[in-house]
1. Could you tell me whether any residue of region 22-29 is surrounded by 10 or more Cβ atoms within 10 Å (Cβ to Cβ), touching a helix residue (DSSP H, G or I) at 6+ places or on another chain (Cβ under 8 Å) and of a type in the set (Ser, Thr, Tyr)?
2. Can you tell me which residue in region 49-66 is farthest from Lys21 (Cα to Cα), limited to those that are exposed (fewer than 14 other Cβ atoms within 10 Å of the Cβ) and touching a residue at least 24 places away in the same chain (Cβ under 8 Å)?
3. Out of curiosity, is Ile32 at negative phi and under 8 Å from the mean Cα position of the chain (by Cα)?
4. So Glu39 ticks every box in (1) at pLDDT 90 or above; (2) surrounded by fewer than 16 Cβ atoms within 10 Å (Cβ to Cβ); (3) of a type outside the set (S, T, N, Q) but one. Which box is left unticked?
5. Mind counting the residues in region 1-21 that are loosely packed, with under 12 Cβ neighbours inside 10 Å and in contact (Cβ under 8 Å) with a residue 12 or more places away in the chain?
6. Within region 13-66, which residues are more than 16 Å from Ile1 (Cβ to Cβ) and touching a Ser or Thr at 6+ places or on another chain (Cβ under 9 Å)?
Amino acid sequence: IIITDIKMPVMDGIELLQQIKTLYPDTEVGIIFGHGDLELAIAALKQDAADLINKPLNNDFLEISL
């Protein structure tokens, strides 16, 4: 299981998700996103993200996602 943010400085979460799914297709990837990133989050689901986790992180939601 990998949990990553959707916005990062060098590679965004969508690119990372695509690379992980190409190299390790059975790996589940959760994407953390902020309020203004909903379109990117939907794109992550289309790329086979396992779940979306909204910021600010809530421990209960994170536990359910895992």
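1. In the first step, residues of region 22-29 are kept if they are surrounded by 10 or more Cβ atoms within 10 Å (Cβ to Cβ); the result is 24, 27-29.
If we keep only those that are touching a helix residue (DSSP H, G or I) at 6+ places or on another chain (Cβ under 8 Å) too, we end up with 27, 29.
Of the ones still in play, those that are also of a type in the set (Ser, Thr, Tyr) are 27.
Yes.
2. Taking region 49-66 first, the residues exposed (fewer than 14 other Cβ atoms within 10 Å of the Cβ) are 55-61, 63-64, 66.
Now drop any that are not touching a residue at least 24 places away in the same chain (Cβ under 8 Å), which leaves 57, 66.
Numbers: Leu57: 24, Leu66: 18 Å.
Per the criteria, the residue is Leu57.
3. Numbers: at negative phi: yes; under 8 Å from the mean Cα position of the chain (by Cα): yes.
So Ile32 fits the description; yes.
4. It is condition (1) that Glu39 fails.
5. 1
6. Result: no residue meets the conditions.
The values are calculated or read from the model by the stated rules, or taken from the named source; none is laboratory data. Fair warning: this is a prediction, and the values are worked out from it, not measured in the lab. Neighbour counts are summed over all protein chains in view; Cβ atoms, including those assigned to glycine, are modelled from backbone coordinates with ideal geometry.
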